Number of protein chains: 2
Amino acid sequence: MDRIRLEKKVLSENDRLAAGLRDRFREHGILCLNLISSPGAGKTSLLERTLAELPKVTRVAVLTGDIQTDNDARRLARFGFPAKQITTAGACHLDARMVERALADWQLENLDLLVIENVGNLVCPSSYDLGEAAKIVLLSVAEGEDKPQKYPAIFLKSELLVLNKIDLLPYVPFDIARAREHARNIHPGMEILEVSCTTGAGLGDWLQWIKKRGEVFKAEAAKLPILDR
Amino acid sequence: MDRIRLEKKVLSENDRLAAGLRDRFREHGILCLNLISSPGAGKTSLLERTLAELPKVTRVAVLTGDIQTDNDARRLARFGFPAKQITTAGACHLDARMVERALADWQLENLDLLVIENVGNLVCPSSYDLGEAAKIVLLSVAEGEDKPQKYPAIFLKSELLVLNKIDLLPYVPFDIARAREHARNIHPGMEILEVSCTTGAGLGDWLQWIKKRGEVFKAEAAKLPILDR
């Protein structure tokens, strides 16, 4: 019981910090996306392809979470946009305080888009709000189509499912129609994109999704008052 | 600070229960293996292939952990050995109490081998002792060779690394020599097997590993006194 009470306390403190981040993102018109998947589903590869395609004038930055190593931030910094690693030193997810600290020396007024790559884990990150406008879940077709049933929380909380590594479809027993069905059983109306970061298939749809989501975000942000917390 | 103290308390309570399980496994001569990986690395497929190959007289049982669904237990029960699902209802790992409860109505004197398939998660299960003789980590070659560096705890604590889905090697950018090097940088002397549950490659080595590990376990158990806890 103590454990459950403490977990609730930690989560409610996280929610408070996340709400503050959300206000700041809204105030500065920054679309914040929280990218979640199992280890090795292709979050960093998707970000590499995304940063490579974006015009150099795009005001984008990335935060990338890992338990150990700054490999991902180094991979992403090559594209010339601000990229910072959050090393969690054992923690299985990012939380709002880590994001707040990582943003402390960035000028938010210079950004339109912030992509947060979470720790590779299909379970724990789903419980931690980072102030994002949308969670996005990536699933590699090498992982199997049953994952939405087995890990429902993240599929329920994500606006978008990106089915990645579709170039491997001929070699793995993955039924893409059933994967879509499983995802929509958990989350009716969930948007789903099919992508390969190796061949580039579907990347145009993904960039289009970000663009549209940014427009929706700005329209909504303009309508809402900035709350004083 | 409260959170860290409570986490320590939870882990030390888990250690106490796990030590009790370890004594019982030793007393009954049961080799217990704790199988850990990301979602979709192939734990259930490896167990399917293993159960299919074992002689029907083998005294083996499996416990399989998932957040939701009893899909895996149903897949594994087809082979005629005892198989039970532990549904964690949100928890990101199995703990010793869940294992203790699941074993309550099984006759341990009828078993020589117990394989526990943990929740799909490369992070949290590494912190929870289940009384096993050995942790085994599976890594699918579709996940990338950098995983030992990024998720060091589980590679440090596992006796054996099973590199699975090697049939996909021609189609993915996975350098198997570097994966071995990364794993052994974290855990010098770690045993490593290469397996494909699709083609059957390497399964003989895996079955041989289990057989030898069982012999070592029995020899060690015979030497140690049963502790009264």
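Laboratory data are not the source of any read-out in this text; all were calculated from the coordinates shown. It should be emphasised that the depicted structure is a prediction, and the values quoted were computed from it without experimental measurement. We place every Cβ from the backbone using ideal geometry, glycine too, and count neighbours over all the protein chains shown.
Give me the compactness ratio for the protein assembly as shown, meaning the Cα radius of gyration over 2.2 N^0.38 Å.
On the way: Rg = 22.7 Å, N = 458, 2.2 N^0.38 = 22.6 Å.
Taking N as the residue count of the protein assembly as shown, the ratio is 1.00.
Only counting other Cβ atoms within 10 Å, I'd like B:Asp146, B:Asp105, A:Asp70 sorted with the fewest neighbours first. Please report the intermediate quantities before stating the final value.
Numbers: B:Asp146 21, B:Asp105 7, A:Asp70 15.
Ordered from fewest to most neighbouring Cβ atoms within 10 Å, B:Asp146, B:Asp105, A:Asp70 come out as B:Asp105, A:Asp70, B:Asp146.
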Near A:Met98, within a Cβ-to-Cβ distance under 12 Å, what is the net charge of the other residues, with Lys and Arg +1 and Asp and Glu -1? 0
Residue order, fewest to most surrounding Cβ atoms within 10 angstrom, among B:Leu46, A:Leu54: A:Leu54, B:Leu46
Calculated label separations, A:Asn185, copies of the chain, 7 Å along the beta-carbon direction, nm: 4.2
From the P(r) of the stretch B:2-223, could you give the percentage of C-alpha pairs in the tail past 30 Å? 19 percent
Set A:Lys147/B:Lys43; A:Lys165/B:Lys147; A:Lys9/A:Lys157; A:Lys56/A:Lys223; A:Lys157/A:Lys218, cut-off 23 Å on Cα-Cα distance; pairs above it are A:Lys56/A:Lys223
Nearest-first distances (nm) between copies at A:Glu13, label 7 Å from Cα via Cβ: 2.0
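Run the numbers on chain A and let me know its relative contact order in percent, using alpha-carbon pairs under 8 Å that are six or more apart. List each step's numbers first, then the result.
Working: 400 pairs, mean separation 56.0, N = 229.
Over chain A, the number comes to 24 percent.
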Taking beta carbons within 10 Å but only from partner chains, what does the mean come to for residues B:139-149? 5
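How much net charge surrounds B:Gln149 when only other residues with a Cβ under 12 Å from its Cβ are counted (Lys, Arg +1; Asp, Glu -1)? Walk me through the numbers on the way to the answer.
Working: positive: B:Lys147, B:Lys150, B:Arg178, B:Arg184; negative: A:Asp66, A:Asp70, A:Asp72, B:Glu145, B:Asp146, B:Glu181.
The answer is -2.
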For every helix of n ≥ 4 consecutive DSSP H residues, a contribution of -39,500 (n - 2.57) applies; sum these over chain A, divide by its total residues, and give [θ] at 222 nm rounded to the nearest 500 deg cm²/dmol. -12500 deg cm²/dmol
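Taking the mean number of other Cβ atoms within 10 Å as a proxy for protection, how do you rank B:10-16, B:130-136 from highest to lowest? List each step's numbers first, then the result.
On the way: B:10-16: 14.1, B:130-136: 23.6.
The packing order, highest mean first, is B:130-136, B:10-16.
Kindly point out which whole DSSP H helices in chain A project their C-alpha atoms 30 angstrom or further along the helix axis while averaging a Kyte-Doolittle hydropathy of -1.0 or above.
On the way: long enough: A:2-27 (38 Å, -1.16); A:203-223 (31 Å, -0.58).
Qualifying helices, which must be both long enough and hydrophobic enough, are A:203-223.
Under the definition of partner shielding as Cβ atoms of other protein chains within 10 Å of a residue Cβ, what is the mean value for peptide A:41-50? Mind dumping the intermediate values first?
Details: counts 6, 3, 0, 2, 2, 0, 0, 0, 0, 0.
Mean shielding count: 1.
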Neighbouring Cβ atoms within 10 Å as the yardstick, rank A:Tyr151, A:Tyr171 fewest first. A:Tyr171, A:Tyr151
Provide the net charge surrounding A:Asn14, with neighbours chosen by a C-beta distance below 9 Å and charges set as Lys +1, Arg +1, Asp -1, Glu -1. -2
Chain A - charge dipole about Cα centre, Lys and Arg +1 at Cβ, Asp and Glu -1, debye rounded to 20: 220 debye
